[in-house]
Amino acid sequence: MGIALDEIKRRLRTFAEVEARGVSPLYDHLATQAAEDDDVAGLLTGARGGEARGTLLLATAHRLVQADPIHPLSRYYPSVGGFDGVDADTWPLFRSFLLERAERAREIIGTRFTQTNEVRRAALLYPALAQVAKEAKRFALLEVGCSAGLLLGLDRFAYRYQCDGGEQLVAGPAKAAVGLHCAIDVAPGAVLPKLPKKLTIGARAGLDRAPVDLRDEEELAWLEACVWADQPDRLRLLRTAAAEQARHMPELVAGDAVDDLDAAASRLPDTLPLVVLTSHALAYLGSRRASFVEALAALAERRPVWWVSEEAYGVGLEAVLPGRDDLARDADGSGGLCVLGVVRWEGGKPDAQALARTAPHGQRMTWLPV
């Protein structure tokens with residue numbers, strides 16, 4: 001049964017106000033307008049469960065622009081060489097372009113999942129894995145919701161964290177193909193994390209309902225289409241990371257985040273502690289998020305398990321660290337930031353810690369007190 005149009009329009013409005021505003025003028029504008037347009041919003045009624053979101057609609061449009069880069073709409077898409085900002089013509093052009101291709105748009109929406117392999121999130125995740133490494137010097141890494149698995153290579157990236165006052169933290173190999181920058185500050189009572197020069201990942205694998213094979217040009221094009229079109233730096237970084245990954249292809253497993261978690265974990269040596277990584281994946285599990293946490297706890301009965309998550313508090317860490325209203329809202333009352341957390345199960349009980357508040361695309365983080 002398809003999702004109700006009113007709910008789709010609400011999601012589009014929320015996407016514009018919470019995720020895109022202040023980050024992507026193009027996507028903020030398009031999602032805001034789409035939320036008031038039954039014809040455009042209605043294209044999402046054919047999306048598969050949980051996928052009827054602004055990201056899927058705009059990725060679909062981006063893919064169609066990629067295929068027709070000389071259309072006048074392309075001048076608003078820096079990803080294909082456009083350089084115009086949002087103006088009075090943007091929405092009318094977008095609307096007519098998409099509705100003229102409505103059949104193709106519905107086909108994409110009905111068969112694709114949003115695949116947001118945001119490479120810059122590795123800069124958020126590295127300090128959390130460094131926390132794990134204090135106890136597990138060498139571990140196996142399983143990313144759930146891995147898309148193309150680019151984050152599985154995070155130990156091969158170089159990191160530079162810009163701190164208040166001009167100080168910098170650096171980590172990772174000096175000569176890395178992928179270099180990431182992230183602003184970091186500290187909340188009252190917190191101190192900057194200590195970052196090791198390197199992490200030792202003994203084995204790695206990814207689990208996704210539809211893993212992306214970067215050797216397939218159409219799959220790579222879809223992954224690129226899921227990058228926001230007015231952020232070409234993210235697209236260049238994706239391409240660089242994809243080229244680097246081609247030299248170190250991890251095993252990517254097609255399967256369900258809950259039902260196939262145990263089987264995916266069994267592909268990694270049980271002699272190694274296991275780190276399960278999720279980053280902006282749990283929102284797509286809906287009511288099954290509790291089952292995912294139960295599956296993690298079941299894994300922890302047989303081997304040491306850490307869960308490193310970078311998710312919105314309400315869909316991630318709240319399940320094991322309830323009652324933290326301070327993590328649910330930002331200082332200005334909005335909910336745009338996420339929470340970086342690490343969880344270890346001891347005696348069947350989760351020991352959870354919120355490490356940082358994070359910007360969703362890896363731009364910055366605020367380290368929290370212990």
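When you check residue 52 against the structure, is it farther than 17 Å from residue 227 by Cβ, open to solvent by less than 50 Å² (accessible area, probe 1.4 Å) and assigned to a loop (DSSP other than H, G, I, E, B), yes or no? Give the derivation first.
Working: farther than 17 Å from residue 227 by Cβ: yes; open to solvent by less than 50 Å² (accessible area, probe 1.4 Å): yes; assigned to a loop (DSSP other than H, G, I, E, B): yes.
Answer is yes for this residue.
Has the stretch 323-335 got any residue that is among the charged types (D, E, K, R), assigned to a strand (DSSP E or B) and either in contact with a Ser or Thr (Cβ under 7 Å, 6 or more places away or on another chain) or more than 26 Å from residue 117 (Cα to Cα) (or both)? I'd like the intermediate steps shown before the answer.
Applying the first criterion (among the charged types (D, E, K, R)) to the stretch 323-335 yields 324-326, 329-330, 332.
Next cut, assigned to a strand (DSSP E or B) only: none.
The answer is no, given that none of the residues of the stretch 323-335 is among the charged types (D, E, K, R), assigned to a strand (DSSP E or B) and either in contact with a Ser or Thr (Cβ under 7 Å, 6 or more places away or on another chain) or more than 26 Å from residue 117 (Cα to Cα) (or both).
Of all residues being of a type in the set (S, T, N, Q) and surrounded by fewer than 20 Cβ atoms within 10 Å (Cβ to Cβ) in the stretch 279-310, which is farthest from residue 133 (Cα to Cα)? Just the residue, please.
Of the stretch 279-310, the ones of a type in the set (S, T, N, Q) are 279, 287, 291, 309.
Filter once more, keeping what is surrounded by fewer than 20 Cβ atoms within 10 Å (Cβ to Cβ): 287, 291.
Working: 287: 32, 291: 27 Å.
Residue satisfying both the conditions and the ranking: 287.
What is the residue count in the stretch 104-143 for residues that are part of a strand (DSSP E or B) and either open to solvent by 10 Å² or more (accessible area, probe 1.4 Å) or under 23 Å from residue 182 (Cβ atoms) (or both)?
To start, the set of residues in the stretch 104-143 that are part of a strand (DSSP E or B) comprises 138-143.
From what is left, the residues that are either open to solvent by 10 Å² or more (accessible area, probe 1.4 Å) or under 23 Å from residue 182 (Cβ atoms) (or both) are 138-139, 141, 143.
Number of matching residues: 4.
May I ask you to say which residue of 216, 233 is out of contact with any strand residue (DSSP E or B) (no Cβ under 8 Å at 6 or more places or on another chain), without any contact (Cβ under 8 Å) to a residue 60 or more places away in the chain, closer than 30 Å to residue 163 by Cα and not aliphatic (A, V, I, L, M)? Talk me through it step by step, then tell me what you get.
Values: 216 fails: closer than 30 Å to residue 163 by Cα.
Of the residues listed, the single one that is out of contact with any strand residue (DSSP E or B) (no Cβ under 8 Å at 6 or more places or on another chain), without any contact (Cβ under 8 Å) to a residue 60 or more places away in the chain, closer than 30 Å to residue 163 by Cα and not aliphatic (A, V, I, L, M) is 233.
Quick check on the stretch 107-115. Is at least one of its residues touching a Gly at 6+ places or on another chain (Cβ under 7 Å) and modelled with pLDDT of 95 or more?
Taking every residue of the stretch 107-115 in turn, at least one turns out to be touching a Gly at 6+ places or on another chain (Cβ under 7 Å) and modelled with pLDDT of 95 or more.
Find all pairs meeting these conditions: Cβ atoms under 6 angstrom apart; at least six residues apart or on different chains; first residue within the stretch 60-87 and at negative phi; second residue open to solvent by less than 30 Å² (accessible area, probe 1.4 Å) and part of a loop (DSSP other than H, G, I, E, B).
Matching pairs, first to second residue: 62/229; 65/77; 74/82; 75/82; 76/82; 77/229; 79/229.
Kindly evaluate residue 353 against the criterion of being under 18 Å from the mean Cα position of the chain (by Cα) and either free of Cβ contacts under 8 Å to residues at least 12 places away in the same chain or open to solvent by 40 Å² or more (accessible area, probe 1.4 Å) (or both). So that I can check it myself, show each step before the final result.
On the way: under 18 Å from the mean Cα position of the chain (by Cα): no; either free of Cβ contacts under 8 Å to residues at least 12 places away in the same chain or open to solvent by 40 Å² or more (accessible area, probe 1.4 Å) (or both): yes.
Criteria not met by residue 353.
Looking at (1) farther than 30 Å from residue 75 by Cα; (2) at pLDDT 95 or above; (3) under 21 Å from the mean Cα position of the chain (by Cα), which is the only condition residue 190 fails?
In the conditions (1) farther than 30 Å from residue 75 by Cα; (2) at pLDDT 95 or above; (3) under 21 Å from the mean Cα position of the chain (by Cα), residue 190 misses (3) alone.
Identify all residues within the stretch 1-37 that are touching a helix residue (DSSP H, G or I) at 6+ places or on another chain (Cβ under 6 Å), open to solvent by 20 Å² or more (accessible area, probe 1.4 Å) and closer than 22 Å to residue 358 by Cα; write none if there are none.
21, 28
Could you identify the single residue in 70, 8 that is at pLDDT 95 or above and either among the polar types (S, T, N, Q) or not in a helix (DSSP H, G or I) (or both)? Walk me through how you get there before you give the answer.
Working: 8 fails: either among the polar types (S, T, N, Q) or not in a helix (DSSP H, G or I) (or both).
None of the others qualify; the one that does is 70.
Residue by residue through the stretch 181-194, note down the ones that are surrounded by fewer than 17 Cβ atoms within 10 Å (Cβ to Cβ), assigned to a loop (DSSP other than H, G, I, E, B) and not charged (D, E, K, R).
If the condition is that a residue be surrounded by fewer than 17 Cβ atoms within 10 Å (Cβ to Cβ), assigned to a loop (DSSP other than H, G, I, E, B) and not charged (D, E, K, R), then 187, 188, 189, 190, 191, 192 are the ones that fit.
I'd like the full set of residues that are surrounded by 17 or more Cβ atoms within 10 Å (Cβ to Cβ) and assigned to a loop (DSSP other than H, G, I, E, B), limited to the stretch 38-49.
47 - this is the single residue of the stretch 38-49 that is surrounded by 17 or more Cβ atoms within 10 Å (Cβ to Cβ) and assigned to a loop (DSSP other than H, G, I, E, B).
Looking at 229, 242, 225, 221, which is the one that is among the small types (Gly, Ala, Ser) and closer than 18 Å to residue 158 by Cα? Break it down into steps so the answer makes sense when it comes.
On the way: 229 fails: closer than 18 Å to residue 158 by Cα; 225 fails: closer than 18 Å to residue 158 by Cα; 221 fails: closer than 18 Å to residue 158 by Cα.
Testing whether each residue is among the small types (Gly, Ala, Ser) and closer than 18 Å to residue 158 by Cα leaves just 242.
Between a first residue in the stretch 292-313 that is among the β-branched types (Val, Ile, Thr) and a second residue that is in a loop (DSSP other than H, G, I, E, B) and open to solvent by 10 Å² or more (accessible area, probe 1.4 Å), which pairs have beta carbons less than 7 Å apart while being 6 or more apart in sequence or on different chains?
If the second residue must be in a loop (DSSP other than H, G, I, E, B) and open to solvent by 10 Å² or more (accessible area, probe 1.4 Å), the pairs left are 293/320.
The values are calculated or read from the model by the stated rules, or taken from the named source; none is laboratory data. Quick caveat: nothing in here was measured; it's all calculated off a predicted structure. Glycine gets a Cβ as well: all are built from the backbone with ideal geometry, and neighbour counts include every protein chain shown. The area values use the complete protein model at the heavy-atom level, side chains included, leaving out ligands, DNA and RNA. Shrake-Rupley method; radii C 1.70, N 1.55, O 1.52, S 1.80 Å.
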